[in-house]
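The values are calculated or read from the model by the stated rules, or taken from the named source; none is laboratory data. From a predicted model like this one, the values you see are computed outputs, not experimental measurements. All Cβ positions, glycine included, derive from the backbone under ideal geometry; neighbour counts span all protein chains shown. Only protein heavy atoms, including side chains, enter the accessible area calculation; ligands, DNA and RNA are left aside. Shrake-Rupley method; radii C 1.70, N 1.55, O 1.52, S 1.80 Å.
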Amino acid sequence: MSISCIEFAGFLLNEYFGDVVETVGRCLLAHTSVTLRNISFKTKLKLSQIKKSLCVLIQHGMVEFKANKAGVLEYSAKKDVILNIAFYPIYIKCTKTCYDDITCCIIEELLLHGELTANALTSKVTDRLNALIQSNVDHLPNVQQKLKALIEDKFICRSTFSSPQSGGHQIFVPNEAGDSGGFWRINYDQIHLLMRDQYLVSVIRDGSDGEVAAVMKSILDRARVNEWTDETILVSAHIIERDLKVRNEIAAAKVSNYDQKLKFVVF
């Protein structure tokens, strides 16, 4: 990894987690994989500080680990996930555009904690809403509904981690007791797709008109379920017209009128 990339990643870690996590993160970024003992030797930090930092980084999906041939755990940084910190404000803005304020709260909590059980996540978001909105309304059902929508749209996915053991000491212990459904995290690939799609729709709206952009948005929304592919899926004019009517974007839409205008878009 280049020095400039390590510097930028270290800056992001410092801004989001503080000095100690930055120091551990820089050590991991500078090497392919490092054992706990080597991290302590290179950083001169206390073992307890290193373990807490690894706990934070693993919980945010920024560090992974595996045992070497000697059975000792080695830790390595996931550069791309660390660099995603720079896009956190855009993630929140994108989900707010696509959903609403409650959805933003859900995304913000996951960005803050990395991974949470469904119970812990809905509880934290409900507490935030109760503090912001002084009313007798029970926000929990609405929060659960928004969380379900995010899961169905693949913006949130299950987390698959295991707790490493080193010398009889557990390094990573989740903060919350697990639900039967396990832990959940943000699906960065799906949010990146949403960012790409919103940019494409914006370009088409600026270069053509709002109705053509609405048609393209319908196509991209349908295609996003396949995540990253070379080509979008085939979408019939009938389905696009139905989507537009549901969203009230084009009254009595006739998609065939936009075929010629859409031919300039190449994927």
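Would you mind putting 208-216, 53-61, 141-149 in packing order, based on average other-beta-carbon counts within 10 Å, highest first?
By packing density, highest mean first, the sequence is 53-61, 208-216, 141-149.
Step through the table entries Lys66/Lys154; Lys124/Lys148; Lys96/Lys148; Lys78/Lys148; Lys93/Lys154; Lys124/Lys146, compare each Cα-Cα distance with 22 Å, and write down the pairs that go over it.
Too far apart for the 22 Å limit: Lys66/Lys154; Lys78/Lys148.
When Lys and Arg each count +1 and Asp and Glu each count -1, what net charge do the other residues less than 13 Å away from Leu129, Cβ to Cβ, add up to?
Here the charged neighbours net out to -3.
Top to bottom by accessible area (1.4 Å), largest first, where do Glu241, Glu15, Glu108, Glu64 land?
Order by accessible area, largest first: Glu15, Glu64, Glu108, Glu241.
Considering every pair of different Cα atoms, what Kirkwood radius, in Å, is found for the range 31-100?
13.9 Å
Mind listing the long-range amide H neighbours of Val63? Cut-off is under 5 Å, sequence gap 5 or more, other chains count too, H placed in the peptide plane at 1.01 Å from N.
Ile58, Lys78
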